[in-house]
Amino acid sequence: MAAQAFLESRFGLGGTVFLVTGGAGGIGYAAARAAAQSGAVAVINDLDPERTEQAAAALRDEGLEATAAPFSVTDPDAVRAGTARILDRHGRIDSLFSNAGNQNRKPFLDYRPDEWASLWQTHVNGAFNLCQAVLPSMVERGSGRIVLMSSISAFGSRGTISAYATAKGGLAAMTRALAVEYGPLGIACNAIAPGYVATGFTTAMQGNDAFQRYIESNVPARRWGTPEDIAGVAVFLAGPASGFINGQVIPVDGGLLATL
């Protein structure tokens, strides 16, 4: 029983509210499910109301606590209003996992300005909007966890993802800036930098035999990551066991960066 009590006190999320953006599928949904399994109320945000509610209902069908909070992370007014509704309903937001994102692979010279801006708007401005909305209540309580979604492309890029890599590099810098500014107020900000994860974003790459050989030859784990691989780290960073970790961008890549 002592061991169980330790696990629950250090690695459990009981009594907390875990907000995840882009949570209706992929990594976001896996993180919502893992947080709810750890005792949190999972608040799932995504753009489409019906899909968002379906994701929350699927967790409730498992006997977990989950609610839907559909809004666009790129709309500051919608974010403020959506966050206010969450606070009205649940009384608090203990942790934010800013996971919403998009992708557009093409050569650098082929990007139109609006295409380039779209990735920055979703990844970086979306995180900015969410952090500005959740931080006041965290500051008031003197505690909180923010987890941003960066990428190993913030450390080393491949061709055709310059807009994505630039945005993810911006999120790595935002992580450090928020950690320094809000760490003294009891709030930790860290980021996850996934490697190649099997989600809808990477479907085309998963079906490419040459890229599959690259994964098997260059990733020490010799496999694609799964959403659950990332979810476990998100839940850890949202909980008390990570209390002295702040301002870090943590690769979860099967060892790929270690080979570079």
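Tell me, what ³J(HN,Hα) does each residue in the range 34-50 have, in order and in whole Hz, if you take phi through Karplus 6.51 cos²θ - 1.76 cosθ + 1.60 with θ = phi - 60° and put x for Gly and Pro?
Result, rounded to whole Hz: 5, 5, 5, 5, 8, x, 7, 7, 8, 9, 9, 9, 7, 7, 8, x, 5.
Kindly rank 69-77, 231-239 from highest to lowest mean number of other beta carbons found within 10 Å of each residue. Don't jump to the answer; show the numbers that get you there.
Numbers: 69-77: 18.2, 231-239: 23.8.
Top to bottom by mean Cβ count within 10 Å: 231-239, 69-77.
How much length, in nm to one decimal, is gained on full extension between Thr203 and Thr160, taken as 0.36 nm per residue of separation minus their Cα-Cα distance?
Between Thr203 and Thr160, full extension yields 13.9 nm more.
Treating the beta-carbon of each Lys and Arg as +1 and of each Asp and Glu as -1, no other charges, what is the dipole magnitude of the range 87-166 about its Cα centre, to the nearest 20 debye?
I would put it at about 180 debye.
Placing unit charges on C-beta atoms (Lys and Arg positive, Asp and Glu negative, everything else neutral), compute the dipole magnitude of the range 1-248 about its Cα centre in debye, rounded to 20. All intermediate terms of the calculation are to be shown ahead of the outcome.
Details: 19 positive and 21 negative charges, 114 e Å.
My answer is approximately 540 debye.
Calculate, in nm to one decimal, what Arg60 and Val180 gain on full extension: separation in residues at 0.36 nm each, minus their alpha carbon distance.
Difference between extended and current length: 39.5 nm.
Rank these by accessible area, largest first, 1.4 Å probe: Tyr29, Tyr111.
Tyr29, Tyr111
Positive end of the dipole of the chain, charges at C-beta (+1 Lys, Arg; -1 Asp, Glu), about the Cα centre: which of Met138, Ala56, Ile250 has its Cα farthest in that direction?
Positive-most Cα among the choices belongs to Ile250.
With charges set only on the Cβ (+1 for Lys and Arg, -1 for Asp and Glu), what does the dipole of the range 195-260 come to about its Cα centre, in debye to the nearest 20?
In total the dipole reaches around 60 debye.
For n ≥ 4 DSSP H runs only, could you compute -39500 (n - 2.57) per run for the chain, divide by its residues and tell me the 222 nm figure to the nearest 500?
-14500 deg cm²/dmol
Pick from Glu228, Glu65, Glu115: which is most flexible by mean-square fluctuation in a GNM of the chain where alpha carbon atoms under 10 Å apart are linked?
Maximum among the listed residues: Glu115.
For Thr259 and Asn218 in the same chain, what is the full-extension length gain: residue separation times 0.36 nm, less their Cα-Cα distance, in nm? If you can, show how the numbers build up before the last one.
Details: separation 41, 0.36 × 41 = 14.76 nm, distance 0.75 nm.
14.0 nm is the gain from fully extending Thr259 to Asn218.
Rank by packing, highest mean first: peptides 82-91, 165-174, with packing defined as the count of other Cβ atoms within 10 Å averaged across residues. Mind dumping the intermediate values first?
Values: 82-91: 15.7, 165-174: 20.6.
Ranking the peptides 82-91, 165-174 by packing returns 165-174, 82-91.
How high is the relative contact order of the chain, in percent, counting Cα pairs under 8 Å that sit 6 or more residues apart?
Normalised by residue count, the contact order of the chain is 20 percent.
The values are calculated or read from the model by the stated rules, or taken from the named source; none is laboratory data. As the structure is a prediction and not an experimental result, all values here were calculated from the model. Don't worry about glycine lacking a Cβ; one is built from the backbone with ideal geometry, like all the others, and counts go over all protein chains shown. Ligands, DNA and RNA are stripped out before the accessible areas are found, and what is left, the full protein with its side chains, is counted by its heavy atoms. Shrake-Rupley method; radii C 1.70, N 1.55, O 1.52, S 1.80 Å.
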